[in-house]
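Here is the structure we will look at.
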Number of protein chains: 4
Amino acid sequence: MIVVMKRGATPQEIEHMIQRVRDLGLKPHPIYGTERTVIAAIGEKRDEHRHSLESGPGVAEVVPILAPYKVASREVKPESTVVRAGSLTVGNSYIGMIAGPCSVESEEQMLSTARAVKRAGATALRGGAFKPRTSPYSFQGLKEDGLKILAAARDETGLAVVTEVISASDVDLVAGYADVLQIGARNMQNYHLLETAGASGKPVLLKRGPSATMDELLLAAEYILNAGNPNVMLCERGIRTFEAHTRFTLPLASVPYLHERTHLPVVVDPSHGTGHASLVTPMACAAIAAGADGVIIEVHPDPETALSDGYQSLTFEQFGKAMALCRKMADAMGRQIVVREPGRG
Amino acid sequence: MIVVMKRGATPQEIEHMIQRVRDLGLKPHPIYGTERTVIAAIGEKRDEHRHSLESGPGVAEVVPILAPYKVASREVKPESTVVRAGSLTVGNSYIGMIAGPCSVESEEQMLSTARAVKRAGATALRGGAFKPRTSPYSFQGLKEDGLKILAAARDETGLAVVTEVISASDVDLVAGYADVLQIGARNMQNYHLLETAGASGKPVLLKRGPSATMDELLLAAEYILNAGNPNVMLCERGIRTFEAHTRFTLPLASVPYLHERTHLPVVVDPSHGTGHASLVTPMACAAIAAGADGVIIEVHPDPETALSDGYQSLTFEQFGKAMALCRKMADAMGRQIVVREPGRG
Amino acid sequence: MIVVMKRGATPQEIEHMIQRVRDLGLKPHPIYGTERTVIAAIGEKRDEHRHSLESGPGVAEVVPILAPYKVASREVKPESTVVRAGSLTVGNSYIGMIAGPCSVESEEQMLSTARAVKRAGATALRGGAFKPRTSPYSFQGLKEDGLKILAAARDETGLAVVTEVISASDVDLVAGYADVLQIGARNMQNYHLLETAGASGKPVLLKRGPSATMDELLLAAEYILNAGNPNVMLCERGIRTFEAHTRFTLPLASVPYLHERTHLPVVVDPSHGTGHASLVTPMACAAIAAGADGVIIEVHPDPETALSDGYQSLTFEQFGKAMALCRKMADAMGRQIVVREPGRG
Amino acid sequence: MIVVMKRGATPQEIEHMIQRVRDLGLKPHPIYGTERTVIAAIGEKRDEHRHSLESGPGVAEVVPILAPYKVASREVKPESTVVRAGSLTVGNSYIGMIAGPCSVESEEQMLSTARAVKRAGATALRGGAFKPRTSPYSFQGLKEDGLKILAAARDETGLAVVTEVISASDVDLVAGYADVLQIGARNMQNYHLLETAGASGKPVLLKRGPSATMDELLLAAEYILNAGNPNVMLCERGIRTFEAHTRFTLPLASVPYLHERTHLPVVVDPSHGTGHASLVTPMACAAIAAGADGVIIEVHPDPETALSDGYQSLTFEQFGKAMALCRKMADAMGRQIVVREPGRG
């Protein structure tokens, strides 16, 4: 890292900071510029020490040179990770299409949706049984009953089940039914949950928190990877900005940016990322054009009566059209949307 | 709520939505304007139904009239809530001053800090034993050993202990030592934790998430209040914006805004809210001038060697000066900073 | 609009506001709900009156029902506007590809770039002669000399020239050389410039300010349209958010959103929108997939020595590849990228 | 500045960048770290060259060491600038209180307001004659007639006049009547206007754009200072964030931050910064507590009928109370609010 001294830092302050760098086991390399002195610290082991140097006397700022994450970094593992879970393949030339309702509401609702999205070409099924809800007065999910319905839908359609887990104490239960554990945006920095989900051995879909930076997202992934679980999919689902015409702002440049920095696949959620059904299909197409390895879309038999997120859910017919367009995009990009036959690797 | 139809919505669509409003048990009241029709829905029970109406045919938007929170609302309880916990009183004419290190690092560090902040006039002690850290490679806290040190510091100084709990499974343990449970910004929407902390009976300091809206913060408080716990302090600690010269942006207008909407006291954290020691004292003063019911400040015997947050921690001397200024501000506002003698009510 | 009274508003306050609505020439329609009274005001002429009602006694808020813009609205003109300027066609089935350097630096630089982008398939040329620069110490452009070079490049290649005008007093001069006047993001709310550019009769490319809302962008366009100029292209070039890994955040959902609200074509600028050359091509593709009517891209013969914006400029070779991919995207979307032969309509 | 090479940058790339640094007239100082090479460039003349190096081969990023502004910097001029204009003194121990309506609407409105704010203790008068309005359908100001009314109000009350100029071509006209030229937030980067206002010789109140960084604000000030005008007041008036309960977010930490970086005085606008009359007084107090050198507040005889900004305007009575509290704050801070008698220096 680089310790930038203030203009007018005294020789004593500079000497003090050189010694501090040495105390941290790093090799100090001072450079005396025309207006300021900077001290390069060689041997840095990521940002562990950076913050403590910032409060040294005469220090203007400390600039990190290394990214703070390790295992998630493409510098460490140059080849792209491909995540496979049941019918789902995400990464490299494969684009996963995950679709289904926000919440599991009933067997009828879930099974009809599963059939419809399967028919349209989805490669996995989504549906929430444990729902984190902003308001305590909103529908909180069917819990284990919902998981059973999801499993039934998988049995019938063969589609892998992606479902959210919102508490470390539920991980075992959810992992007993799901093919992929989803960590929601609100829980991106719930480290106990990340570690427990990581230890479950199930692939994890990790959603970006609405104010998380790329480094924070990758460090959250690192908690899961460090628990011995290499199968992490990152999910861009939108950030909080001043834009009020969409529920969140969906910054698709994070897709190619993440591809440069990490080997982990990147999935995009245009449903939460826009909050309006009419904007979902254009943004699903845009996600694929930007290089996304997967798209996760909310679909409901009757959005008007959905218990949650109806305003951003596609009907079966709308989803059919979205899939047709997404397939054209994938073709143009030289990528494939395929239902995997588990067992074939 | 108000259902706003699109310009050109058909009579059938309007009739359909009138019926939908009726189906929800509300009384529809259509108003035919010059360009658009709107349907007022009378009898609304907060935003439970709002979102489902948004996906109706011909609907442009649905405008809520009521705030989504109930129990936290000043409309429901006009008099301000005063929270008392050991030496700490927060609310109404009382301003609480909570000070201490980011992390409990050692008995020596904690006790010396407790003595120093007591001497300077702090009314409660902060210190983290369980640390949620962005990076898995950062110091994660002393856990129960840290709690014991905090309790020892309380025994010696008489200052109430405010400390963070990061997992529902730790609530009992932490509540066994703490006077106030802190819910950190990352966990503001960890609903299981909110409910468990609420059920513990201990007063809760609830930090605003860096991208949470006021409604989301108040609904999170509502999870705690609904668990039967009336002693909730809200804490503004800054939001994520494009500003890069501060760690977060500290929007003090949320203090008077919250006072209008809720009876719960509002505490401000200028340490996290700025991320730079030199900005902490001015913003602590500004918080009191804006009407804050409490301030929580990071103080460390030697910020340069702190295991976390050194760059935003005050030295003992700096904290002494900050307290002197804060006291002047409180006087000018006609408010008091006092160490409560528990047992006196 | 809807005037929402506070809970507990007195009958006198309600009566007062009913009279205020009447005084504004609107028809008041009070609705007495279970918790609050709201007053619908019928005959609203956009948001002229809204703000004055907000400070009335007992008023909680005033909710507008109509969009504040008129002439730009798709409700007023349902068919999409197609803008034609020399070789450039933007809108409907036509996608314009505008390419060239950030700044005109020399005849050699400009002509070689013009030839290269023509060869790759661009349909218009960009290049700045008047440069608004954050720092007074940065290169400010060649001014009229730059305009002459641009005109020479058009003469040779046939490509229409898009160039920025930064001051109302320069409009005549710039309009004498340019095919399209660009209004930069910093000037989106420079109303005198908008009106003068509007009056020039030249098509205008209006860039969104980095913190402008959609309504503000459309109202800025309305200043130009009201000057009698129907040929306005809106340009999404990114917004300021907390994201630090890109120069701005490029929110592509604004493309389909704007298509719903306005008949004006929407161009996307992935160069400024990302600030990194490596992210430009993926975001150009994504823009087309999201439905953009045009893309504007910075290209430079040697980005490393560019006098401005080199870090986000494509080389000729990179631009060639970008065009090939964009053409695939356009094909998949059923749209065309064509060089117009002026005179053919 | 520091050129950070990518991990795996080749010796050729490193050598190329060392030569590039040399070509820019700087002295390269390469440091070969364990994972990366960085090249310090000594002799840097602010960010002129930084961006061009960013597109070099193998470059990860370029980190500036110097602030991009010069003349505004406190490093260059350590003592605080005090701006005096008629009755107004701003800076050092003096706090200026500028008050008046958003727009000049009539002689009666302006004179009555001038008398009221004078009586309450304001030290200067504000009022807009040229109004930049988001919507072309809103009231655009009385223009020169408004300036004459402002001058009449000054004649009667002795208060200095602060009024906005929105176009370079109006600077002479406005400067003929005003004591201070205000550059509004929308025009913060209208460089032609900045230079012309700078050349007028009148003190300038420069408002921060709602998405401007601190560096951008200071560079905008630098345009004015470089025109030979040392009397620049910076004005924090709020930024665009996701917060929807206030019109803008008022980040008061910019006050102490700016005091560290620049010698220019800092004024705060709590009216635009909050957008709600009820939040103005607490934030005015907070601004002074944070160290502001001035506060600018909207006051109107009858906010309910104001032609602009009524919802954020104080009544005379409210302003009287605000002044009383602000005076207490100033006292507590050891600062003074005084009406200057021009001629006394």
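The values are calculated or read from the model by the stated rules, or taken from the named source; none is laboratory data. As the structure is a computational prediction, the values presented were derived from the model and not from experiment. Cβ coordinates were reconstructed from backbone atoms using ideal geometry, including for glycine residues, and neighbour counts include every protein chain displayed.
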message = If I ask for residues that are closer than 15 Å to C:L181 by Cβ, surrounded by fewer than 24 Cβ atoms within 10 Å (Cβ to Cβ) and of a type in the set (K, R), which ones from the stretch C:191-250 would you list?
response = C:K202
request  = State yes or no: is D:V162 closer than 13 Å to D:A129 by Cα, within 14 Å of chain C (Cβ to nearest Cβ) and in contact with a strand residue (DSSP E or B) (Cβ under 8 Å, 6 or more places away or on another chain)?
outcome  = no
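Going through the stretch A:218-273 one residue at a time, which ones are among the polar types (S, T, N, Q) and within 14 Å of chain B (Cβ to nearest Cβ)?
The initial filter retains those residues of the stretch A:218-273 that are among the polar types (S, T, N, Q), namely A:226, A:229, A:231, A:241, A:246, A:249, A:254, A:262, A:271.
Listed by number, the residues that qualify are A:N226, A:N229, A:T241, A:T246, A:T249, A:S271.
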request  = Considering each of B:V171, B:V161 in turn, give the residue that is crowded, with 24+ Cβ neighbours inside 10 Å and either under 30 Å from B:E107 (Cα atoms) or hydroxyl-bearing (S, T, Y) (or both).
outcome  = B:V161
key: D:M329 vs. criteria over 14 Å from the mean Cα position of the chain (by Cα) and either crowded, with 24+ Cβ neighbours inside 10 Å or modelled with pLDDT under 95 (or both)   = yes
task = Test A:G25 against the criterion of being more than 28 Å from D:R74 (Cα to Cα) and either of a type in the set (V, I, T) or away from chain B (no Cβ under 14 Å) (or both), and give yes or no.
result = yes
query = From the residues in the stretch D:26-73 that are hydroxyl-bearing (S, T, Y) and surrounded by fewer than 19 Cβ atoms within 10 Å (Cβ to Cβ), which one is modelled with the lowest pLDDT?
reply = D:T34
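Kindly indicate whether B:L125 is within 20 Å of the chain's Cα centre (by Cα) and farther than 29 Å from A:L194 by Cβ. I'd like the intermediate steps shown before the answer.
Numbers: within 20 Å of the chain's Cα centre (by Cα): yes; farther than 29 Å from A:L194 by Cβ: yes.
Yes; evaluated as a whole, the condition is true for this residue.
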query = In the stretch B:8-25, what residues are in contact (Cβ under 8 Å) with a residue 24 or more places away in the chain and touching a strand residue (DSSP E or B) at 6+ places or on another chain (Cβ under 8 Å)?
reply = B:A9, B:E13, B:I14, B:M17, B:V21, B:L24
query = Would you pick out the residues in the stretch B:49-70 that are facing another protein chain (nearest Cβ under 7 Å) and touching a helix residue (DSSP H, G or I) at 6+ places or on another chain (Cβ under 8 Å)?
reply = B:H51, B:S52, B:E54, B:S55, B:G56, B:P68
ask   = Which residue pairs have Cβ atoms closer than 7 Å, lie 6 or more positions apart in sequence or on different chains, and pair a first residue in the stretch B:74-85 that is under 27 Å from B:P342 (Cβ atoms) with a second residue that is assigned to a loop (DSSP other than H, G, I, E, B) and of a type in the set (A, V, I, L, M, F, W, C)?
value = B:T81/B:L264
ask   = So which residues in the stretch B:285-308 are in contact (Cβ under 8 Å) with a residue 40 or more places away in the chain, more than 9 Å from chain D (Cβ to nearest Cβ), touching a helix residue (DSSP H, G or I) at 6+ places or on another chain (Cβ under 7 Å) and not in a loop (DSSP other than H, G, I, E, B)?
value = B:V295, B:I297, B:E298, B:V299
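Hey, can you tell me all the residues within the stretch D:137-146 that are buried (at least 22 other Cβ atoms within 10 Å of the Cβ) and without any contact (Cβ under 8 Å) to a residue 40 or more places away in the chain? Quick ask: steps written out before the conclusion?
Residues of the stretch D:137-146 buried (at least 22 other Cβ atoms within 10 Å of the Cβ): D:141-142, D:146.
D:G141, D:L142, listed by residue number.
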query = Give me the pairs: first residue in the stretch C:235-248 and touching a residue at least 40 places away in the same chain (Cβ under 8 Å), second residue surrounded by fewer than 22 Cβ atoms within 10 Å (Cβ to Cβ), beta-carbon distance under 6 Å, and six or more apart or on different chains, which are they?
reply = C:R247/C:G275
remark   = Looking across the stretch D:278-320 at residues that are of a type in the set (D, E, K, R) and within 26 Å of D:R335 (Cα to Cα), the single one that is farthest from the chain's Cα centre (by Cα) is D:E317
key: Only listed residue being in the same structural domain as C:L159 (by TED's automatic domain parsing) and not hydrophobic (A, V, I, L, M, F, W, C), chosen from C:G33, C:G100   = C:G100
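Would it be correct to say that B:Q140 is within 13 Å of another protein chain (Cβ to nearest Cβ), in contact with a helix residue (DSSP H, G or I) (Cβ under 8 Å, 6 or more places away or on another chain) and either of a type outside the set (D, E) or within 14 Å of B:G86 (Cα to Cα) (or both)?
On the way: within 13 Å of another protein chain (Cβ to nearest Cβ): yes; in contact with a helix residue (DSSP H, G or I) (Cβ under 8 Å, 6 or more places away or on another chain): no; either of a type outside the set (D, E) or within 14 Å of B:G86 (Cα to Cα) (or both): yes.
No: the conditions fail for B:Q140.
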task = Please give the number of the condition D:T213 fails out of (1) without any contact (Cβ under 8 Å) to a residue 24 or more places away in the chain; (2) over 30 Å from B:F248 (Cβ atoms).
result = (2)
Single residue of the stretch A:102-121 satisfying the filter (in contact (Cβ under 8 Å) with a residue 60 or more places away in the chain and outside any helix (DSSP H, G or I)) that is surrounded by the fewest Cβ atoms within 10 Å (Cβ to Cβ) = A:G121
